[in-house]
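Notes follow once the structure below has been shown.
The values are calculated or read from the model by the stated rules, or taken from the named source; none is laboratory data. Small disclaimer: the values here were computed from a predicted structure and weren't measured. When we count neighbours, we look across all protein chains shown, and the Cβ atoms used for this are built from the backbone with ideal geometry, even at glycine. Protein only, heavy atoms only, side chains kept; ligands, DNA and RNA dropped before computing areas. Shrake-Rupley method; radii C 1.70, N 1.55, O 1.52, S 1.80 Å.
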Amino acid sequence: MNQKPGGTFLIIAGAPVSLVRFRGHLIAELIALGLTVHAAGPNLPPDSPVRVELERMGARVHEVFLNRTGISPLDDLRTLIGLVGLMRRIRPDYVLGYTIKPVIFGTLSAFLAGCPHRFALITGLGYAFSDHELGRRQRLIGRLVTGLYRQSLRFAHKVFFQNPDDQALFRRLGVLNGVTPSVVVNGSGVDVDHYAPRAPASRLTFLLIARLLIDKGVREYAEAAYRLKAEFPETHFLLVGRLDSHPRSIPPAELAHWEADGVISFLGAMSDVREVLGVASVFVLPSFYREGVPRTILEALAMGRPVITTDTPGCRETVVDGVNGYLVPPRDVDRLAAAMRHFLERPELAISMGERARQAALTKYDVRQVNAVMLKEMGFSCSSDASM
């Protein structure tokens with residue numbers, strides 16, 4: 001049964017910019033349904049561009065303390081107390097948290113504050129659940145996060161996942177209690193009108209967009225570029241992203257070496273990637289990180305770019321191998337370079353596979369369709385239903 005229009009909805013984020021970039025359409029849908037929407041996250045002072053944009057949309061914005069990557073119990077207790085206080089003030093009828101800490105502490109806070117409808121969105125499991133190079137500290141964090149998820153999600157009324165692998169892992173680990181229902185949605189979706197197709201540059205160009213982390217496959221991309229540049233010197237290999245303070249970030253000196261050798265063209269971070277996607281022929285993301293569904297892949301598909309990515313959770317769902325791109329094993333430079341070589345030897349593949357990539361975005365990843373599923377599963381009907 002669909003919920004009646006009206007009520008108060010609170011959405012909680014760990015990274016405030018994601019409220020606009022990844023949840024902006026959902027927030028707009030909720031407001032259009034007649035709900036009073038509150039958005040909460042860290043680093044949202046009155047002059048924050050994200051806050052200004054959310055308020056322009058009609059949302060009410062709250063800055064809360066949340067240390068997204070820290071493991072201090074005192075910090076997390078402060079987050080829990082702050083969220084409970086916020087919820088007791090605004091008394092939301094519905095609460096949705098996404099990413100690790102907003103899910104864990106948002107769901108617990110919603111239960112403690114007596115919120116009647118509690119939802120969680122798992123947007124990827126990250127390093128805590130990685131299958132690669134698990135050190136002692138990472139294993140400890142993984143066990144801690146698993147336990148916290150297990151305790152908090154038993155208070156959720158429904159849990160959304162962005163790929164079936166994460167759902168299956170939570171069931172296997174006993175994080176889902178067998179009573180709380182769960183639903184898989186097709187990532188965060190993408191605005192297929194905003195990311196409209198463009199004709200690529202005449203020179204074959206590969207592009208990787210990601211945080212510059214080892215686990216995103218940036219080194220594998222660079223090594224494949226070295227191999228192929230020697231045979232196909234006219235090829236461009238572009239890299240877009242920001243250097244990160246994370247311990248598994250690519251060292252700046254290593255990046256500078258790639259640039260000095262004339263192999264990688266590093267363009268830095270970009271808030272709008274449509275121009276660079278428009279230049280690219282093929283999008284590459286050789287990630288072995290536990291993705292939900294990478295937003296960059298969805299943007300590339302929408303703009304009609306074939307995708308080379310890894311056969312890993314979150315990535316494998318986006319590509320039908322040999323149809324709209326290629327799937328390669330994680331950390332396998334030989335197979336990655338071979339997949340890239342297909343396009344160098346047969347440039348027409350970039351066009352034909354790109355057309356099928358765009359079709360995949362239209363039929364599976366349109367943000368309106370993704371949001372329609374979420375809203376229906378939360379008990380609402382929405383305007384998107386008519387277009388499905």
Worksheet item: Does P294 meet the test of being in contact with a Gly (Cβ under 6 Å, 6 or more places away or on another chain), within 30 Å of L169 (Cα to Cα), crowded, with 24+ Cβ neighbours inside 10 Å and touching a residue at least 24 places away in the same chain (Cβ under 8 Å)?
Response: no
Item to complete: Hey, could you check segment 258-269 for residues that are open to solvent by 50 Å² or more (accessible area, probe 1.4 Å) and out of contact with any helix residue (DSSP H, G or I) (no Cβ under 9 Å at 6 or more places or on another chain) and say which is nearest to T205 (Cα to Cα)?
Response: E259
Worksheet item: Out of (1) open to solvent by 10 Å² or more (accessible area, probe 1.4 Å); (2) more than 24 Å from L176 (Cβ to Cβ); (3) assigned to a helix (DSSP H, G or I), the odd one out for G70 is which?
Response: (3)
Fill in: Count of segment 150-179 residues which are within 14 Å of A120 (Cβ to Cβ), of a type in the set (S, T, N, Q) and open to solvent by less than 30 Å² (accessible area, probe 1.4 Å)
3
Worksheet entry | Where V192 falls short, out of the listed (1) surrounded by fewer than 18 Cβ atoms within 10 Å (Cβ to Cβ); (2) in contact (Cβ under 8 Å) with a residue 40 or more places away in the chain; (3) in a loop (DSSP other than H, G, I, E, B) | (1)
Worksheet item: Just to be sure, is G70 at pLDDT below 95, among the small types (G, A, S) and under 22 Å from the mean Cα position of the chain (by Cα)?
Response: yes
Discussion item. Among the residues of segment 82-92, are any part of a strand (DSSP E or B), within 19 Å of L35 (Cβ to Cβ) and in contact with a Ser or Thr (Cβ under 7 Å, 6 or more places away or on another chain)?
Written reply: no
Practice prompt. May I ask you to say which residue of S188, S202 is under 25 Å from P164 (Cβ atoms), out of contact with any Asp or Glu (no Cβ under 9 Å at 6 or more places or on another chain) and not β-branched (V, I, T)?
Written response: S188
Response to the item:
Considering segment 232-257, residues that are part of a loop (DSSP other than H, G, I, E, B) and more than 15 Å from D215 (Cα to Cα), and then whichever is most open to solvent (accessible area, probe 1.4 Å), we arrive at E234
Worksheet, complete the sentence: Checked against (1) open to solvent by less than 40 Å² (accessible area, probe 1.4 Å); (2) within 30 Å of H157 (Cα to Cα); (3) in contact with a Lys or Arg (Cβ under 8 Å, 6 or more places away or on another chain), E377 satisfies every condition except (1)
Item to complete: Those residues that are open to solvent by 10 Å² or more (accessible area, probe 1.4 Å) and aromatic (F, W, Y), I need them from segment 1-60; list them, please.
Response: F22
Worksheet entry | Residues that are part of a loop (DSSP other than H, G, I, E, B) and either in contact (Cβ under 8 Å) with a residue 24 or more places away in the chain or in contact with a Phe, Trp or Tyr (Cβ under 7 Å, 6 or more places away or on another chain) (or both), drawn from segment 53-66 | G58, A59, V64, L66
Practice prompt. Looking for whichever is at pLDDT 95 or above, more than 19 Å from the chain's Cα centre (by Cα) and open to solvent by less than 40 Å² (accessible area, probe 1.4 Å) here; the options are V307, V273, V282. Which one fits?
Written response: V282
Response to the item:
Pairs returned, first residue in segment 325-337 that is open to solvent by less than 20 Å² (accessible area, probe 1.4 Å), second residue that is part of a loop (DSSP other than H, G, I, E, B) and of a type outside the set (A, V, I, L, M, F, W, C), beta-carbon separation under 6 angstrom, 6 or more apart or interchain, are G325/P306; L336/P286
Item to complete: Just give me the residues in segment 338-373 being crowded, with 22+ Cβ neighbours inside 10 Å and more than 21 Å from T296 (Cα to Cα), in sequence order.
Response: A372
